[in-house]
């Protein structure tokens, strides 16, 4: 016998404080009515309420003739039917390998970009996989990715809820993880304009001079190694950091500075920790589970080291702010906090996370790309020799400059090929739909997480024959001129979420690469095997640590 929805169970009990508690239950709702309006004994009330719920369930079982076991089976059947019979979203197809709760997490393996690209061959350019309990739409290939990131950019320009990324970036207070809207647009436009005024451009007022100066410091530091094997990562990281730090806060660090060494080690560790802590972003409640949450806790600790340095700089800039002559990015931001002319509601906390975005992105991605360029020169000595011949013929004994760029097509082609074969973001930072979007025959609801698979563009044999082979000639036309904007090539993303530091990164990569290749020949330590070109996928795709010898030319 089933309990009709209209059956009412009513009985009265006393709270420990003596106040009567009137309890009523129906098939649609349970509610507790306090006969007297106020009672201070909240914990006691909760215990009494739990007791009542237990008694009510038992009472229902008694009058319906159900056993507890059959009641639980009935509930399970009800919820199973609910989930099976509810209308399905018209999403792209799911690959095989989905399991309850985890979704496709196990099927993705240790190299998600490659797995996503393999699924593309079976399920097409647009498919859906389950990240835990959440649907994620993957875009593969040039046509699908360009359609979303460029042609219909605003529709795909938001960000999904992503616990670890949100926690590291102030839950949308900066730029990188901010949701789509006027606040994001104002912050990004303001930051881009300030960086351009500070030299992120070619020509008059360019920061080229500082980059060339830093390239000379880096060259001298490497020369002190006398050709002995060493891990060049820290030196490269400091050189790249000094460029963005000079623009952000008017500072540069010495290569032996212990404070900055700690920061570079934190940045390097973050890449691995964020990858290891992805499970926390899929299941945020796991951040409260000991051991499981260790990687996330360590990632946030390393992130806080960067934030603490930036807080100190913001405080120092506030105390010494010259309102008539802003010197760097922090000065411009603090003036905007006072004036509120271009960014509504800008606060110092926004400034902190905007600065962190520029600092982390400006250091991590450029450093990793430059490390890949040295690695590929090391394992391809014939290509390295061709680069050096071009530099000798065009630059001679002077220092390379941006004015040489148009005369060094092979140098440029090498850097473009590095960004193609090993993009530091083989899967772009997750996007989200700003409203419901139609993609082919499918309908993607507002707020759905969307992953543009850059790896599928850069390794597509339809555009790049024999894509696993390192070949700078792909970026040269029949006359030997560099092809700067080929199809199926998006290392910096595109549209509204394109990397705002793209131009600065390209300037740094060209000047650092040409300066070091002009001065040194890079090779593996004697007797050691060549470094592996398999990447370590974490926050970015970076080379595994390797040592090389820089032999003066």
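The values are calculated or read from the model by the stated rules, or taken from the named source; none is laboratory data. Small disclaimer: the values here were computed from a predicted structure and weren't measured. Here the Cβ is made from the backbone with ideal geometry for all residues, glycine too, and neighbour counts use every protein chain on show.
For the range 445-468, give me each residue that is on the phi > 0 side of the Ramachandran plot and touching a strand residue (DSSP E or B) at 6+ places or on another chain (Cβ under 8 Å). Quick ask: steps written out before the conclusion?
Within the range 445-468, the first condition is being on the phi > 0 side of the Ramachandran plot, and the residues that meet it are 447, 466.
Once the filter is applied, which keeps residues that are on the phi > 0 side of the Ramachandran plot and touching a strand residue (DSSP E or B) at 6+ places or on another chain (Cβ under 8 Å), the range 445-468 yields only 447.
Scanning for something buried (at least 19 other Cβ atoms within 10 Å of the Cβ), within 20 Å of residue 153 (Cβ to Cβ) and touching a strand residue (DSSP E or B) at 6+ places or on another chain (Cβ under 8 Å), does the range 469-476 turn up at least one residue?
Scanning the range 469-476 turns up no residue that is buried (at least 19 other Cβ atoms within 10 Å of the Cβ), within 20 Å of residue 153 (Cβ to Cβ) and touching a strand residue (DSSP E or B) at 6+ places or on another chain (Cβ under 8 Å).
Could you check the range 268-278 and list, in sequence order, the residues that are in a helix (DSSP H, G or I) and touching a residue at least 40 places away in the same chain (Cβ under 8 Å)? Walk me through it before giving the result.
Pass one, the range 268-278, residues in a helix (DSSP H, G or I): 268-276, 278.
Result: 270, 271, 272, 273, 274, 275, 276, 278.
Can you say whether residue 511 is over 30 Å from residue 180 (Cα atoms), in the same structural domain as residue 381 (by TED's automatic domain parsing) and in a helix (DSSP H, G or I), as far as the supplied structure shows? Walk me through it before giving the result.
Working: over 30 Å from residue 180 (Cα atoms): yes; in the same structural domain as residue 381 (by TED's automatic domain parsing): yes; in a helix (DSSP H, G or I): yes.
The answer is yes for residue 511.
Test residue 185 against the criterion of being in a helix (DSSP H, G or I), more than 16 Å from residue 427 (Cα to Cα) and under 19 Å from the mean Cα position of the chain (by Cα), and give yes or no. Break it down stepwise before answering.
Numbers: in a helix (DSSP H, G or I): yes; more than 16 Å from residue 427 (Cα to Cα): yes; under 19 Å from the mean Cα position of the chain (by Cα): yes.
Considered against the rule, which asks whether it is in a helix (DSSP H, G or I), more than 16 Å from residue 427 (Cα to Cα) and under 19 Å from the mean Cα position of the chain (by Cα), residue 185 comes out as yes.
Could you grab me the full set of residues in the range 201-218 that are surrounded by fewer than 21 Cβ atoms within 10 Å (Cβ to Cβ) and assigned to a helix (DSSP H, G or I)?
If the condition is that a residue be surrounded by fewer than 21 Cβ atoms within 10 Å (Cβ to Cβ) and assigned to a helix (DSSP H, G or I), then 208, 209, 210, 212, 213, 216, 217 are the ones that fit.
Sort through 494, 480 and tell me the only one that's touching a strand residue (DSSP E or B) at 6+ places or on another chain (Cβ under 9 Å) and either surrounded by fewer than 17 Cβ atoms within 10 Å (Cβ to Cβ) or more than 18 Å from residue 380 (Cβ to Cβ) (or both). Please lay out each step first, then the result.
On the way: 480 fails: touching a strand residue (DSSP E or B) at 6+ places or on another chain (Cβ under 9 Å).
Unique residue meeting the criteria: 494.
Being without any contact (Cβ under 8 Å) to a residue 40 or more places away in the chain and assigned to a helix (DSSP H, G or I): is that true of residue 285 here?
Values: without any contact (Cβ under 8 Å) to a residue 40 or more places away in the chain: yes; assigned to a helix (DSSP H, G or I): yes.
Answer is yes for this residue.
Step by step: first the residues of the range 169-182, then only those that are on the phi > 0 side of the Ramachandran plot and either touching a residue at least 60 places away in the same chain (Cβ under 8 Å) or within 16 Å of the chain's Cα centre (by Cα) (or both), then the one that is surrounded by the fewest Cβ atoms within 10 Å (Cβ to Cβ). Which residue is that? Before you say what the answer is, go through the steps one by one.
Initially, the range 169-182 is screened for residues on the phi > 0 side of the Ramachandran plot, giving 170-172, 181.
Subsequent filtering for residues that are either touching a residue at least 60 places away in the same chain (Cβ under 8 Å) or within 16 Å of the chain's Cα centre (by Cα) (or both) retains 170-172.
Numbers: 170: 18, 171: 15, 172: 19.
Top of the filtered list is 171.
Is at least one residue of the range 349-371 touching a strand residue (DSSP E or B) at 6+ places or on another chain (Cβ under 6 Å), crowded, with 20+ Cβ neighbours inside 10 Å, touching a residue at least 12 places away in the same chain (Cβ under 8 Å) and in a helix (DSSP H, G or I)?
Looking through the range 349-371, at least one residue is touching a strand residue (DSSP E or B) at 6+ places or on another chain (Cβ under 6 Å), crowded, with 20+ Cβ neighbours inside 10 Å, touching a residue at least 12 places away in the same chain (Cβ under 8 Å) and in a helix (DSSP H, G or I).
Since residue 166 meets every condition but one in (1) surrounded by 17 or more Cβ atoms within 10 Å (Cβ to Cβ); (2) touching a residue at least 12 places away in the same chain (Cβ under 8 Å), which condition does it not meet?
So residue 166 meets the others, but not (2).
Look at residue 208 and say whether it is at pLDDT 95 or above, in the same structural domain as residue 313 (by TED's automatic domain parsing) and within 21 Å of the chain's Cα centre (by Cα). Show your work before the answer.
Working: at pLDDT 95 or above: yes; in the same structural domain as residue 313 (by TED's automatic domain parsing): yes; within 21 Å of the chain's Cα centre (by Cα): no.
No; evaluated as a whole, the condition is false for this residue.
Does any residue of the range 460-476 turn out to be touching a helix residue (DSSP H, G or I) at 6+ places or on another chain (Cβ under 6 Å), under 19 Å from residue 113 (Cβ atoms) and in the same structural domain as residue 496 (by TED's automatic domain parsing)?
Yes: one or more hits.
May I ask you to list the residues in the range 538-553 that are buried (at least 19 other Cβ atoms within 10 Å of the Cβ) and outside any loop (DSSP other than H, G, I, E, B)?
541, 542, 543, 548, 549, 550
Taking the range 516-542, which residues are modelled with pLDDT of 95 or more and within 23 Å of residue 218 (Cα to Cα)?
Those that are modelled with pLDDT of 95 or more and within 23 Å of residue 218 (Cα to Cα): 516, 517, 518, 519, 520, 521, 522, 523, 524, 525.
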